[in-house]
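Okay, structure first, notes after.
The values are calculated or read from the model by the stated rules, or taken from the named source; none is laboratory data. Note that the coordinates shown come from a computational prediction; the quantities given were computed from them, not determined experimentally. All Cβ positions, glycine included, derive from the backbone under ideal geometry; neighbour counts span all protein chains shown.
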Amino acid sequence: MKALIIGAGIGGLSAAAALKQQGIECEIFEAVKEIKPVGAALSIWSNGVKCMNHLGMGSIMDELGGPMHHMAYHDGFTGSVMTQFSLAPLVDAVGERPCPVSRADLQSQMVDWWGRETIQFGKRIEKVDQTDTGVTAYFTDGTHAVGDFMIAADGTHSAVRADVIGYQTERRYAGYVNWNGLVEIDESIAPADQWTTFVGEGKRVSIMPIADGRFYFFFDVPLPKGLAEDRSTVVADLTRYFAGWAEPVQKLIAAIDPDTTNRIEIHDIEPFDTLVKGNIALLGDAAHSTTPDIGQGGCSALEDAVVLGQCFREQFWSDKTKTLPGVIEALKHYEEARRFRVKDLVLKARKRCDVTHGKDMQETQAWYDELRRETGENIIAGLRSTIVGGPLA
């Protein structure tokens, strides 16, 4: 029994790990010749960390996860604390800590854990043929690969998605631009063990600790698409957009290295119910491309992988053999187990995006007012609700 895994990102590698646990051979194909992650870091919340542990890669999180023990919101202009609280009650409630990590380091260590030499790089998928006996992937370099089934974890621009759902999807602009990168920890900007966020005018500046004495930072600004801005203008752009903001924000802007700072126009894709067609399944961003506003993009890909492995384990336990009809049944169970969960996460992130980024400034101002009254209980309850909705609650 062999699976073709399309994509060597977090989703593809975690899917391969889950299937390997069930005794399934996996061949992994990655479009790029060298993985260069988009985005400096990402939040792996407790549900994602549990998935990494389950898949046998928990040591990676232990090494890369930053010491994020507290959370705070500050007024962007005055710098005054709106709310500040410990995340210990969340960790106690869900049984695992959150781990902000360097995206490049996470992907590199996952690749090394799997075996870099076994991943086929420079294999961009062009076409898929599906039959009753298997699936064939055709690549732009003229080669092809044959397997019993396929897991398409080829990202938000998935080339396989249309074959599964039957139509081409359109990405939806979420209405804001995100700049992100890494700087050395400076406690005059923010505490070294806290996720600190400055808010105002529908804008946001966030700082969280990752391993090796670094802050992951991001700036969000509601803007139209297609502005003539890039790395060469990043400091001037952020200085202009955050003029008059508090001193820690100005220090952060001054500390930025434009050459390692990313500028991304944020998009998502309207959720769809079809994740599987026959012996091809979508996973990760290919199945549910979301905005980063609740920090669940990477986590949901890890959840997909865990559920995929669980469905194969249950199917093979009942069948006692590994057959193609059993594979198709396992993939159906995967789709049924994931489609409502991932749709909910995409829509939750979209709703949070609109409130955070001033789509209706009255609603955003009401949120600011709530933050000034917040003790941490409501925010932790919301985080807990999202986390415990995962497969390893």
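For V234, state whether it is under 28 Å from G66 (Cα atoms), without any contact (Cβ under 8 Å) to a residue 60 or more places away in the chain and part of a helix (DSSP H, G or I).
Spelling it out, V234 is indeed under 28 Å from G66 (Cα atoms), without any contact (Cβ under 8 Å) to a residue 60 or more places away in the chain and part of a helix (DSSP H, G or I).
Mind checking which helices (runs of 4 or more DSSP H) fall wholly inside region 324-393 and carry at least 2 residues that are touching a helix residue (DSSP H, G or I) at 6+ places or on another chain (Cβ under 9 Å) and at pLDDT below 95? Give the derivation first.
Numbers: elements: 324-356, 361-373, 377-388.
Where helices (runs of 4 or more DSSP H) fall fully within region 324-393 and carry at least 2 residues being touching a helix residue (DSSP H, G or I) at 6+ places or on another chain (Cβ under 9 Å) and at pLDDT below 95, they are 324-356.
So which residues in region 170-192 are part of a loop (DSSP other than H, G, I, E, B), touching a helix residue (DSSP H, G or I) at 6+ places or on another chain (Cβ under 9 Å) and surrounded by fewer than 16 Cβ atoms within 10 Å (Cβ to Cβ)? Let's see the steps before the verdict.
The initial filter retains those residues of region 170-192 that are part of a loop (DSSP other than H, G, I, E, B), namely 170, 185-192.
Now narrow it down to the ones that are touching a helix residue (DSSP H, G or I) at 6+ places or on another chain (Cβ under 9 Å): 186, 188-190.
Residues satisfying the conditions are D186, S188.
Answer yes or no as to whether D304 is under 26 Å from E201 (Cα atoms), part of a helix (DSSP H, G or I) and at pLDDT 95 or above.
No; evaluated as a whole, the condition is false for this residue.
Answer with yes or no whether E27 is at pLDDT 95 or above and closer than 26 Å to A159 by Cβ.
Answer is yes for this residue.
Considering only residues that are over 13 Å from the mean Cα position of the chain (by Cα), part of a loop (DSSP other than H, G, I, E, B) and closer than 24 Å to C99 by Cβ, which ones fall in region 1-29?
Selection gives G7, A8.
Can you say whether L252 is assigned to a helix (DSSP H, G or I), more than 19 Å from R204 (Cα to Cα) and touching a residue at least 60 places away in the same chain (Cβ under 8 Å), as far as the supplied structure shows?
The answer is no for L252.
Can you work out which of the residues in region 341-393 that are farther than 29 Å from C51 by Cβ and small (G, A, S) is surrounded by the fewest Cβ atoms within 10 Å (Cβ to Cβ)?
Once the filter is applied, the top-ranked residue is A366.
Mind listing whichever residues of region 127-141 are farther than 15 Å from G7 by Cα and of a type in the set (D, E, K, R)?
D129, D132, D141
Identify, by number, the condition in (1) under 27 Å from D220 (Cβ atoms); (2) crowded, with 20+ Cβ neighbours inside 10 Å; (3) under 16 Å from the mean Cα position of the chain (by Cα) that K36 doesn't meet.
Here K36 clears every test but (2).
Considering only region 346-377, how many residues are under 30 Å from L308 (Cβ atoms) and either in contact with an Asp or Glu (Cβ under 9 Å, 6 or more places away or on another chain) or among the basic types (K, R) (or both)?
Count: 7.
Check region 14-21 and report whether any residue there is in contact with a helix residue (DSSP H, G or I) (Cβ under 9 Å, 6 or more places away or on another chain), within 23 Å of A281 (Cα to Cα) and charged (D, E, K, R). Give the derivation first.
From region 14-21, those in contact with a helix residue (DSSP H, G or I) (Cβ under 9 Å, 6 or more places away or on another chain) are 14-21; that's our starting set.
Pick out the ones that are also within 23 Å of A281 (Cα to Cα) and you get 14-21.
Filter again for charged (D, E, K, R), leaving 20.
For region 14-21, residues in contact with a helix residue (DSSP H, G or I) (Cβ under 9 Å, 6 or more places away or on another chain), within 23 Å of A281 (Cα to Cα) and charged (D, E, K, R): present.
Determine whether S206 is without any contact (Cβ under 8 Å) to a residue 40 or more places away in the chain, surrounded by 14 or more Cβ atoms within 10 Å (Cβ to Cβ) and closer than 30 Å to E270 by Cβ.
yes
Among (1) without any contact (Cβ under 8 Å) to a residue 24 or more places away in the chain; (2) within 28 Å of P248 (Cα to Cα), which single condition is R116 missing?
It is condition (2) that R116 fails.
Restricting the search to region 33-70, which residues are of a type in the set (G, A, S) and either at positive phi or touching a Pro at 6+ places or on another chain (Cβ under 8 Å) (or both)?
Correct list: G39, A41, S43, S46, G56, G65, G66.
In region 117-168, what residues are hydroxyl-bearing (S, T, Y) and within 16 Å of A281 (Cα to Cα)?
T131, T133, T136, T156, S158, Y167
Please specify each residue of region 307-322 satisfying the condition of being out of contact with any helix residue (DSSP H, G or I) (no Cβ under 9 Å at 6 or more places or on another chain) and in a loop (DSSP other than H, G, I, E, B).
Result: K320, T321.
Of all residues in region 120-145, how many are surrounded by 13 or more Cβ atoms within 10 Å (Cβ to Cβ), in contact (Cβ under 8 Å) with a residue 60 or more places away in the chain and closer than 28 Å to G326 by Cα?
Selection size over region 120-145: 9.
So which residues in region 221-252 are modelled with pLDDT of 95 or more and in contact with a helix residue (DSSP H, G or I) (Cβ under 7 Å, 6 or more places away or on another chain)? Give the steps one after another, and end with the answer.
To start, the set of residues in region 221-252 that are modelled with pLDDT of 95 or more comprises 221-229, 233-252.
Across region 221-252, the qualifying residues are V221, E229, V234, V235, L238, T239, F242.
When T260 is evaluated against the numbered criteria (1) under 24 Å from the mean Cα position of the chain (by Cα); (2) at pLDDT 95 or above, which criterion, by number, is the only one it fails?
(2)
Can K225 be described as over 25 Å from I379 (Cα atoms), touching an Asp or Glu at 6+ places or on another chain (Cβ under 7 Å) and either surrounded by 21 or more Cβ atoms within 10 Å (Cβ to Cβ) or in contact (Cβ under 8 Å) with a residue 40 or more places away in the chain (or both)?
So K225 fits the description; yes.
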